[in-house]
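Structure record follows, encoded as structure tokens.
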Amino acid sequence: MIRRAAPLLSVFALLLVVWYVAAVWLNLDLARTLADDDATPRQIWLATLAQDRPLLPAPHQIIVEMWTSIFDHPVTSAKSLVLHAAVTAYAAALGLAIALVLGIVLAVGIVHVRTLDRSLMLWIIASQTVPILAIAPMVVVVLGNAGLTGVLPKALIAGYLSFFPIATGMVKGLRSPDPMQRDLMRTYSASGVQVFARLRWPASMAFLFPALKVAATLALVGAIVAELPTGAQAGLGARLLSGSYYGQTLQIWAALFMASLLALLAVALVDLLQLGLVRQRGGRL
Amino acid sequence: MAVDLVMAPAAASARAAASIVVEAADLAIAFESGGQRTTALEGVSLAINRGSFVSLIGPSGCGKTTLLRAIADLEQPTSGRLTVNGMSPERARLERAYGYVFQAPALYPWRSVERNVMLPLEIMGMAAAERRQRAARYLDLVGLGEFRRRFPWQLSGGMQQRVSIARALSFEPALLLMDEPFGALDEITRDGLNLHLHQLWRSTGMTAVFVTHSIPEAVYLSTRIVVMSPRPGKVVEVIDVDLAAERDLDIRESPAFLRVAHRVREALRAGHSYD
């Protein structure tokens with residue numbers, strides 16, 4: 001355990017050191033300007049790590065900000081980071097669900113229907129060349145004008161971003177059985193549905209789970225970006241935006257950290273699901 | 001050269017016809033790829049009797065696997081006639097007339113050994129209790145009863161191939177087609193499996209078609225050996241193995257055994273297998 005944690009912790013320690021050095025350096029001008037005339041250099045140095053609106057907050061400031069915005073407000077309050085995280089997580093989860101259904105349906109179509117194989121894959125790849133992150137706020141506004149408000153526009157953006165890894169992963173997975181495994185089914189004169197349920201689908205699981213991890217983080221990114229336009233009242237994206245309006249760097253960084261935590265949580269959830277399947281399969285996916 | 005084998009003469013009795021499981025007449029199979037035509041099989045005629053153990057032997061490229069796959073309806077004949085149980089190979093496949101053992105075990109890694117053996121039974125719609133019973137019976141038969149909860153990757157190559165044989169036997173087909181099932185195994189494991197397979201065949205009374213390029217293996221297992229030659233694949237000679245029905249591994253050192261092996265080797269040479 002210690003042996004495995006050691007490299008991880010040493011990188012973490014190095015990052016912290018770099019961060020503190022950078023924070024002192026970046027906030028030095030600010031601290032000098034705001035300091036009393038008779039402030040000692042030592043006081044100024046310490047002040048770089050205790051600004052209300054630092055250029056780069058120190059790690060401990062972010063932790064304190066997260067702590068207060070998580071624990072010092074009721075979950076229903078607009079100041080609660082938990083509320084914002086939950087709003088974003090809900091949109092991302094809904095988007096991921098859409099992506100899962102869409103990605104799998106597309107993959108099944110591509111693998112089983114020759115015309116779809118020839119036509120669809122190119123469109124799926126082309127779909128990802130649209131800079132959706134750049135135009136997401138616009139899309140949300142347009143959808144809002146069309147009567148689509150609330151969680152749905154956010155989920156659609158999240159789904160649009162995250163269906164791609166699922167679709168491509170599942171196409172690869174459903175095609176992964178080797179000729180012998182497929183011939184075997186033929187010798188049993190198995191139906192198409194049986195081949196799908198007993199060969200293609202179980203074989204694709206080894207491809208679905210890695211794709212799902214990528215898709216989950218993409219869904220979060222999509223949901224956050226979709227919260228950036230003015231309409232959003234809550235969500236990590238709204239929190240980022242209002243933070244940047246008012247120069248609340250601490251609030252921005254707390255929201256960013258919360259987003260990373262959410263992503264870690266999402267990946268951990270996927271891992272947990274995968275672990276369940278691996279158990280069922282005797283230790284291998 | 002189409003060797004006249006046990007082709008039933010025109011006046012053959014219905015009884016004799018009924019005892020023929022696989023019959024090929026002037027069979028040819030060619031593959032088309034990139035505008036190039038490769039003749040895999042040409043002018044193959046042969047008949048395989050019920051309850052016999054027939055080996056197809058020959059060097060790589062002689063079409064022995066292609067012939068086996070054609071019997072299984074995994075390849076389509078270009079010309080000639082091929083019947084399995086008096087039906088087209090396709091009808092026979094749809095009626096699940098045969099079990100097939102591939103060169104590799106082709107087990108599904110996400111299924112336990114037991115569930116691999118139950119795979120054909122599930123597809124054929126057998127009740128769960130019966131499935132479990134069958135799996136237990138045939139895993140015991142190949143000596144792997146205690147490994148039923150393991151997963152394929154936890155077994156050795158030889159054990160995996162035995163699982164695949166149990167899987168092919170589980171739905172009790174009257175015809176077992178095997179494509180070099182022991183080709184990838186070491187000689188000691190192979191000896192053991194040969195003995196095992198011989199006893200299995202003896203106890204079930206099924207018809208077996210076995211592709212190999214090992215002469216001792218072919219002689220030991222078979223009642224009849226079909227020697228094939230490459231480019232294009234055809235039958236050179238059919239040799240009856242007149243050894244005792246019940247055989248142990250020691251029989252391989254007997255003069256009778258060596259005589260048959262010698263004949264097979266001569267036939268392979270005549271087919272330019274050593275060029």
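With everything on Cα atoms, drop me the angle between helix B:128-141 and the longest principal axis of chain B, reported from 0 to 90° to the nearest 10. For helix B:128-141, the angle is close to 60 degrees.
A crude spin-label estimate for the pair residue B:76 and residue A:119, with each label 7 Å from Cα along the Cβ direction, gives 2.6 nm. Largest GNM mean-square fluctuation across A:66, A:138, A:170, computed for chain A with C-alpha springs under 10 Å, falls on A:138. For chain A, adding -39500 (n - 2.57) for each run of n ≥ 4 DSSP H residues and dividing by the number of residues yields -26000 deg cm²/dmol at 222 nm. Under 5 Å from the amide H of residue B:100 lie the amide H atoms of B:177, each residue being 5 or more positions distant or on a separate chain, with H modelled from the backbone and absent for Pro and chain starts. Per the Debye calculation on chain A with a single equal scatterer at every Cα and no solvent contribution, log₁₀ I(q)/I(0) for q = 0.08, 0.09, 0.12, 0.16 Å⁻¹ amounts to -0.49, -0.60, -0.91, -1.24. For residue B:49, the residues whose amide H sits under 5 Å from its own are B:21, ignoring neighbours fewer than 5 places away on the same chain, with H placed 1.01 Å from N. Highest mean packing comes first when the peptides B:60-70, A:123-133 are listed by Cβ atoms within 10 Å, giving B:60-70, A:123-133.
Taken as Cα centroids, segment A:176-240 and segment B:72-100 sit 39 Å apart, rounded to the nearest whole angstrom. Over segment B:109-214, all Cα pairs binned in 10 Å intervals from 0 give whole-percent P(r) values of 15, 48, 33, 4, listed from short to long.
Relative to the current alpha-carbon distance between residue A:142 and residue A:280, full extension at 0.36 nm per residue lengthens the span by 45.1 nm. Mean partner shielding of peptide A:186-195, defined as the number of other chain Cβ atoms within 10 Å of each residue Cβ, is 5. Kindly express, to the nearest 10 degrees and within the range 0 to 90, the angle between helix A:59-71's C-alpha long axis and the longest C-alpha principal axis of chain A. The angle comes out at about 70 degrees. So for the protein assembly as shown: antiparallel DSSP bridges make up what percent, rounded to the nearest 5? Taking every DSSP beta bridge with both residues in the protein assembly as shown, the antiparallel ones total about 55 percent.
Say R0 is 51 Å: what FRET efficiency, to the nearest 0.05, do residue B:60 and residue A:271 get from their beta-carbon distance?
Numbers: r = 46 Å, r/R0 = 0.90.
E between residue B:60 and residue A:271, to the nearest 0.05, is 0.65.
Counting beta carbons within 10 Å around each of A:24, A:75, A:64 and listing the fewest first gives the order A:75, A:64, A:24. In this simple spin-label approximation, residue B:103 and residue A:129 carry label points 7 Å from Cα along the Cα→Cβ vector, and these lie 4.1 nm apart.
Shown here: segment A:2-56, whose C-alpha atoms stretch 50, 19, 15 Å along the first, second and third principal axes, sorted largest to smallest.
A Förster distance of 45 Å, applied to the separation of the beta-carbon atoms of residue A:90 and residue A:53, puts the FRET efficiency at 0.90. Between helix A:114-127 and chain A there is an angle of about 10 degrees, using the helix long axis and the longest principal axis of the Cα atoms.
Given a cut-off of under 8 Å on Cα pairs at least six residues apart, what relative contact order in percent is computed for chain A?
Working: 348 pairs, mean separation 60.8, N = 285.
Reported as a whole number, the value is 21 percent.
Helix-only arithmetic for chain B: the sum of -39500 (n - 2.57) across DSSP H runs with n ≥ 4, divided by the residue total, places the mean residue ellipticity at 222 nm at -11000 deg cm²/dmol.
Label-to-label distance for residue B:269 and residue B:37 is 3.6 nm, based on points extended 7 Å past Cα in the beta-carbon direction.
With the contact rule set at Cα under 8 Å and sequence spacing of 6 or more, what percent relative contact order holds for chain B?
On the way: 534 pairs, mean separation 66.5, N = 275.
RCO, chain B: 24 percent.
Extents of the protein assembly as shown, taken as max minus min of Cα coordinates on every principal axis and listed largest first, are 119, 55, 51 Å.
Hey, how many Å between the Cα centroid of segment B:176-221 and the Cα centroid of segment B:151-171? After rounding, the separation between the Cα centres reads 14 Å. What does a probe at residue A:264 reach in segment A:26-61, counting residues whose amide N is under 18 Å from the point 7 Å along Cα→Cβ? The answer is A:58-61.
Estimate the FRET efficiency between residue A:25 and residue A:214 by the formula 1/(1 + (r/R0)^6), using the beta-carbon distance for r and 35 Å for R0, to the nearest 0.05.
Values: r = 35 Å, r/R0 = 1.00.
Once rounded, the FRET efficiency stands at 0.50.
Just the number, please: Stokes-Einstein D of chain B in µm²/s, Kirkwood Rh from C-alpha pairs, 10 °C, 1.306 mPa s. In µm²/s, the coefficient rounds to 82.
Comparing A:96, A:26, A:262 in a Gaussian network model of chain A where C-alpha atoms under 10 Å apart are linked, the largest mean-square fluctuation is found at A:26.
No value in this document is a laboratory result; all are computed from the given coordinates. All figures in this text were calculated on a predicted structure; none of them were measured in a lab. Neighbour counts run over all protein chains shown; Cβ positions are idealised from the backbone, glycine included.
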